[in-house]
1. What is the distance, in nm, between label points placed 7 Å from the Cα along the Cα-to-Cβ direction at SER104 and at ARG254?
2. Expressed as a fraction of 2.2 N^0.38 Å, the rule-of-thumb size for a compact globular protein of N residues, what is the C-alpha radius of gyration of the range 523-589?
3. Amide H of MET460 versus every other amide H placed in the peptide plane: which residues, excluding those fewer than 5 positions away on the same chain, fall under 5 Å?
4. Any of LYS62/LYS156; LYS156/LYS264; LYS555/LYS590; LYS264/LYS317 with alpha carbons more than 28 Å apart? Name them for me.
5. Given Cβ point charges of +1 (Lys, Arg) and -1 (Asp, Glu) and nothing else, what value in debye, to the nearest 20, does the dipole of the range 523-589 about its Cα centre take?
6. Efficiency by 1/(1 + (r/R0)^6): what FRET value for LEU180 and ASP388, r their Cβ-Cβ distance, R0 = 45 Å, to the nearest 0.05?
7. What order, most packed first, do the peptides 153-166, 79-92 have when packing is the mean number of other Cβ atoms within 10 Å of each residue?
8. Which length gain, in nm to one decimal place, applies between ILE227 and LEU41 when the Cα-Cα distance is subtracted from 0.36 nm times their residue separation?
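Read-outs throughout are calculated quantities, based only on the coordinates presented, and are distinct from any laboratory measurement. It should be emphasised that the depicted structure is a prediction, and the values quoted were computed from it without experimental measurement. All Cβ positions, even for glycine, are placed from backbone atoms using ideal geometry, and neighbour counts span all protein chains on display.
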Amino acid sequence: MIANMKNWFWYDWMIAALRTTWLLIIVISGITHPEMITAQLWAVLNTAILVYIVPLVVQYKKETWYPAFEVAMAGLFHMYVAYAAPQLIWIFVLFTMIIGLGSSQRTYVWAGILCGFIFPALNSWLANRSPFEMMFSCSLGFMMGFAFRILMQSHKQAQIIQEQKQLLGQQLAKIEELTLIEERNRLSQELHGMIGNSLTSLVDGVELLRTSVPESEHDRINALVAIAQRSLDEIRKQQYQLSQSTYSYSISSRLQQFTEEFMKSTGVTVAFRVIGSEVPLIQQMNDCLYRCLQELLTNAVHHRRASNVSVQLYFDKQQIRLQVEDNVAGMAMFQSGSGLHRMEERLHLLQGTLTVYSELEQGTVVICQMPIQAETAQNGIRLLIVDDHTIIADSLQHIFDQHVDFTVVGTAVDGQEALEACERLIPDIVLMDTPIQGMNEIETLLEMKLRWPNMKVVFMTTFEDTIQAAAALEHGADGYMLKSSREMSAAMKLVFLGGTWIDQSIAARVFEVMKQQREQLEKISPNDPYRLTQREQEILGHLCGGLRYKAIAVKMYLSEGTVRNYCSTLYAKLGVSRREEAIELARAEKIV
């Protein structure tokens, strides 16, 4: 209760002063003029102190009970005063003002009737005085208190509106900033993708013309190729500068700068502290933490009326944790709204969690936690780049050579050469263009996963093909990204650590395609007594055709383990235990 006094406004102190004045009048009158009180002085004073304190305690514990306690205790006490000290009957007017100040739209009618008419009439009758003067004075006092209550509410609403305007202005400024950043990144990616691919196509076309022109013109061709390559390098540099200039601040600096701006705009004290040694994070994590802090601070001040907030950013070897704690007494069941669902969704995409601790009589603590990049392999992550455009492969190799965490162990131009390179080099990650020459990318992926199960395979492409991306992920790919992705190195680190990367520009559509494909494959024919899905029927047909698990996997672009799982379910539905029994039953009942 004392802690709440720190959040009082001037009118809260005025109400406390009015209440204290009422108590002091009784105490001073009893001490200086004891003859005014016919009852025992200590009984009157002790009862007055109870009337002073008990309603305040009830208001703190259970605010909805406060008006009834206040009216009942004040009315009964002043009836006792009218009997024991009739000359002090007028102090009930002060208390009716206090009750009017504490009344609400739901309580002012019955509280006004009791304090303005019923109790004054009873007090006057006990004091043997005319009731009309007392009823008029108490009614006027109650109306004055309630009118001041309305003024207080208007003042609070005006202050809330002002705070909302400040918060809204701050949020709009941040949204505008993030929008500009995203637009800048989009432009840099489009420039790199469009112009880079155009220059690559130009170089390939000029190289094709080399055999059609005399040797005397080869110098001109070499000059054209050199110009295109220099332009490609320049585009790459410009894209890198556009991408990096906006994110020159560390995450701790960004969060601290935001808290300082938040304090200036709202007047709320926000203590920011960094614990541990900061490590670089991928931009998705930076943006997630930034948005979470925005939501949490706005929620603490706007919805919970906190005046003091503590923000702590913890860096550990395995994880990063953002903890926000306010000074508002918690609730037994914390409200799950106020942006918490959005934060949970953002954190879930990065394998993070959101935890809320809120209990009665205590503040509320919200913790956002995410795993961070662990140390990479001792000699860096070993990459194999598969792309039939030599210039693009060289460009990617140049990009990864700028990072000490990566080692490009080789390049390949088609699927067969990629398999041979994997056999020879054993890379950690294969970064494969799509489409590729020779073996298609799905066949190459399945063969890689069959021969090297722990090897990571990431597809990259120039175009946003959601069907192709869904197929790649369904068949075991560890990532799918656009060639113009600004965070390619960060994505490779995430994949190396066991995660899956899907370019955000197509992620939602890819998941929708995968869902539709699963629903289509899981449709069951109404005339099938065994309730086999289309995929199970297809696998059963291949079994009847004499194919083995490995051959079925290659034909259906699935892993052998996936085919075995389907067959186990298939045998269970058919009520058989072996492949031969399933084939015999299928032929006998003409299932396929």
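1. 4.2 nm
2. Normalised by 2.2 N^0.38 Å, the Cα Rg of the range 523-589 equals 1.03.
3. Amide H neighbours of MET460, under 5 Å, 5+ apart: MET432, ASP433, THR434, MET481.
4. Long pairs (Cα-Cα over 28 Å): LYS264/LYS317.
5. On the way: 11 positive and 8 negative charges, 44 e Å.
Taking the Cα centre of the range 523-589 as origin, the dipole is about 220 debye.
6. E between LEU180 and ASP388, to the nearest 0.05, is 0.75.
7. Most protected by this proxy first, the peptides run 79-92, 153-166.
8. 56.5 nm
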